[in-house]
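Okay, structure first, notes after.
Please treat every number below as a calculation from the coordinates, not as lab data. Keep in mind the model is a prediction, meaning the values are calculated, not measured. Neighbour counts run over all protein chains shown; Cβ positions are idealised from the backbone, glycine included.
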Amino acid sequence: MLGIIIGLALLMFLAYRGMSIIWVAPICAMVVAVFGGLELLPAYTDSYMSGFVGFAKAWFPVFMLGAVFGKVMDDSGAAKAVAHGVTNLIGSKFAILAVVLACAVLTYGGISLFVVVFAIYPLALALFREANITRKLIPGAIALGAFTFTMTAMPGTPQIQNLIPIQYFGTTPTAAPIMGIVGAIIMLGGGMAWLTYREKKYATAGVQFVELENKGVEVDVASLPNAWLSAVPLVAVIATLNLFKLNIIVALLIGIILAIVLNFKRLPELVKTMNAGAAGSVIAIINTSAAVGFGTVVRAVPGFQTLTDLVLGIKGNPLISEAVAVNILAGATGSASGGMGIALAALGEKYVELSASSGIPLEAFHRIASLSSGGLDTLPHNGAVLTLLAVTLMTHKDSYKDIFMVATLIPVIAVIAGIILASIGLY
């Protein structure tokens with residue numbers, strides 16, 4: 001048990017210090033192995049790599065096709081066109097809401113949150129400039145729209161955090177729709193209430209929009225494609241996945257083909273775009289696979305049974321233990337998908353058994369796992385948080401408080417609400 005705790009603490013510390021989980025995870029796994037009495041080489045070549053390769057085998061096509069889809073939508077200008085259509089419809093009077101909903105449309109359509117950050121930022125900058133709202137709130141608005149309810153709560157979302165539980169529970173992307181919708185309402189409503197409060201507080205203090213020295217992120221709106229046509233691939237991914245019940249791989253392929261056909265003239269270097277998207281997916285899948293490999297070693301040591309007993313021994317609804325396990329591991333790895341992957345790989349079978357004995361359907365376990373992955377994952381060392389702050393030219397001091405509120409604290413409240421709903425039979 002001590003080895004597991006030290007390994008997790010070391011993993012969190014090193015990730016927070018900016019070290020890549022690709023090489024940090026196996027080192028921390030070996031710490032766990034030493035304390036657990038395992039032979040180091042077999043622990044790495046067998047236990048660690050079996051978890052690593054198993055996750056990559058199951059999910060690489062989704063990561064790769066999702067990244068290619070996002071890159072095609074980005075390079076063609078289609079992602080920005082959809083975002084501009086949403087923000088233009090709402091207007092600068094409601095600049096924060098416009099940015100949040102623009103992010104939500106893109107992520108619910110299957111575009112990676114990293115692509116969304118780059119696509120939305122120029123439009124957010126223009127809106128906040130026109131509304132004279134401080135740039136410090138841009139990261140919070142983007143985080144609310146891209147890192148929360150459309151990632152984990154909305155039934156049918158094609159984001160990986162909503163798909164991983166399917167492998168363990170045999171559920172569908174629309175599992176537990178009532179829990180998901182209520183969670184989404186809490187995240188969106190609570191997040192908007194916080195950001196609105198912060199906007200008023202800044203305005204009262206006289207903190208307004210400060211112009212950048214370099215306006216190099218301006219968007220040429222006239223050059224963007226038609227917003228309605230640009231949204232067709234996004235709608236197609238959602239529809240084929242949920243209405244026609246096609247595999248996510250097929251849904252993403254259809255989205256990619258439609259995006260290319262509708263924007264072929266805007267993609268003069270299509271091969272370069274495809275190459276960049278595919279290459280970008282490799283780091284994402286390896287990062288998550290490395291975290292899952294760590295979890296496989298944890299599961300192999302004798303102390304894991306003690307940890308399992310502790311987690312599963314949490315009194316009351318078994319969904320509570322699942323929420324705690326996923327949140328802690330997502331926080332330790334700084335990754336929603338990585339933390340959930342570790343938790344479900346280790347405890348997924350136990351939760352299936354608990355579902356049968358408790359009468360709580362597996363759909364509820366699916367939704368709580370998904371919701372919980374989007375809680376403590378956004379601690380300061382999270383890769384998406386670091387990317388968001390870098391792109392928006394903000395620091396943790398400037399904007400992390402808002403990111404924490406909208407993407408960590410309020411989503412945890414949504415998890416609690418989901419557990420309460422499940423306990424009274426509303427799924």
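Here the label points at Lys200 and Ile166, each 7 Å from Cα along the C-beta direction, are separated by 4.2 nm in the simple model.
Measuring nothing but alpha carbons in the range 1-58 and taking Rh as the Kirkwood radius, the Rg to Rh ratio lands at 0.99. Could you work out the relative contact order of the range 282-427? I mean the mean sequence separation of Cα pairs under 8 Å and 6+ apart, divided by the number of residues, in percent. Averaging sequence separation for qualifying contacts and normalising by length gives 24 percent for the range 282-427.
Treating r as the C-beta distance of Tyr16 and Val282 and R0 as 25 Å, the FRET efficiency rounds to 0.60. Partner aspartates and glutamates whose Cα lies under 18 Å from the Cα of Lys93, excluding those fewer than 8 positions away in the same chain, are identified as Glu130, Glu199. Ranked from largest, the principal axis spans of the Cα set of the range 335-415 equal 50, 22, 13 Å.
Extension gain Leu426-His396, at 0.36 nm per residue separation less the Cα-Cα distance, in nm? Gain on stretching Leu426 to His396: 7.0 nm. Candidate membrane-span-like segments in the chain, meaning DSSP H helices with Cα atoms spread over at least 27 Å of their own axis and a Kyte-Doolittle mean of -1.0 or above, are 49-75, 177-204, 270-300, 336-358, with no membrane implied. The gain in end-to-end length when the Lys245 to Val53 segment is fully stretched comes to 66.4 nm, 0.36 nm per residue minus the alpha carbon separation. Springs join every pair of Cα atoms under 10 Å in this Gaussian network model of the chain, and among Thr273, Thr296, Thr387 the largest mean-square fluctuation is at Thr387. Listed peptides 345-358, 404-417 appear in the order 404-417, 345-358 once ranked by packing, highest mean of other Cβ atoms within 10 Å at the front. Its alpha carbons give the chain an Rg and a Dmax of 21.1, 64 Å. Put simply, when 27-36, 124-133, 286-295, 374-383 are sorted by average Cβ atoms within 10 angstrom per residue, most first, you get 286-295, 374-383, 27-36, 124-133. Please work out the C-alpha center-to-center distance from the range 233-269 to the range 155-218 and express it in whole Å. Here the two parts' Cα centres lie 24 Å apart.
The translational diffusion coefficient of the range 217-376, from Stokes-Einstein at 37 °C and 0.692 mPa s with a Kirkwood hydrodynamic radius over alpha carbon pairs, comes to 175 µm²/s. Using a cutoff of 8 angstrom between alpha carbon atoms and counting only pairs six or more residues apart, the relative contact order for the range 351-427 works out to 38 percent. With the convex hull drawn around the C-alpha atoms of the range 16-102, the volume per residue stands at 158 Å³. Relative to its residue count, the range 1-159 spans a Cα convex hull of 140 Å³ per residue. If we count every other residue with Cβ under 13 angstrom of Ile342's Cβ, Lys/Arg +1 and Asp/Glu -1, where does the sum land? My count for the surroundings of Ile342 gives -1.
Look at the alpha carbon pairs under 8 Å that are at least 6 residues apart: their mean separation over the length of the chain gives a relative contact order of 26 percent.
What is the distance in Å between the Cα centres of the range 337-397 and the range 1-19? A separation of 18 Å, based on Cα centres. From helices alone, the chain scores -24000 deg cm²/dmol at 222 nm; the rule is -39500 (n - 2.57) for each run of n ≥ 4 DSSP H residues, then divide by the residue total.
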